[in-house]
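The block underneath contains the structure these notes are about, expressed in structure tokens.
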Amino acid sequence: QVQLVESGGGLVQPGGSLRLSCAASGIIFSIYFMGWYRQAPGKQRELVATISSGGSTNYADSVKGRFTISRDNAKNTVFLQMNSLKPEDTAVYYCNARRAAYTRWGQGTQVTVSS
């Protein structure tokens, strides 16, 4: 059974950093297109960053230069390093695995940026 388990969320002050992790099981992780998305209260889920099986990355304009997505295929894990966090980054962050028509979501981890 495919599982994606996110961790690393929490409460952080503006300007602070967090590192999210998403551990995958039940899939051949290395061939999957992985992504991080987020959903703030009252808003639609939006793309944050993606990384291909070959390591190519893509970022939303709102996080470019502050967030970094990476993957460790040996550990079946994708990471999201978030620096210079802003209150508008507050949201539930979801991990996504995709290959062709197949997609799977994690349960989400809450990130709150507040003083």
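The values are calculated or read from the model by the stated rules, or taken from the named source; none is laboratory data. Just so you know, these numbers come straight off a predicted model, no measurement behind them. A quick note on method: Cβ atoms are made from the backbone with ideal geometry, for glycine too, and the neighbour counts reach across all protein chains shown. Each accessible area value is taken on the protein alone, full model and side chains, heavy atoms only, with ligands, DNA and RNA left out. Shrake-Rupley method; radii C 1.70, N 1.55, O 1.52, S 1.80 Å.
Observations, loosely collected:
- Scanning the chain for trypsin sites (Lys or Arg not before Pro) that sit in a DSSP loop and have at most 12 other Cβ atoms within 10 Å, the longest stretch containing none of them is 65-115.
- Most mobile of Tyr102, Tyr32, Tyr59 in a GNM of the chain (Cα contacts under 10 Å): Tyr102
- HN-Hα J in Hz across region 43-49 - Karplus 6.51, -1.76, 1.60, θ = phi - 60°, x for Gly and Pro: 10, 7, 5, 10, 6, 9, 7
- Whole-Hz couplings from phi, Karplus 6.51/-1.76/1.60, listed for region 74-86; x for Gly and Pro: 5, 10, 6, 9, 10, 10, 9, 8, 10, 10, 6, 5, 10
- Spatially proximal lysines relative to Lys43 (Cα-Cα < 18 Å; intrachain offsets below 8 disregarded): Lys86
- In the context of the full set of protein chains, the chain has a per residue accessible area of 52 Å² (1.4 Å probe).
- Sum of side-chain charges, Tyr94 neighbourhood, beta-carbon under 11 Å (Lys, Arg +1; Asp, Glu -1): +1
- Relative contact order [Cα under 8 Å, 6+ residues apart], the chain, whole percent: 36
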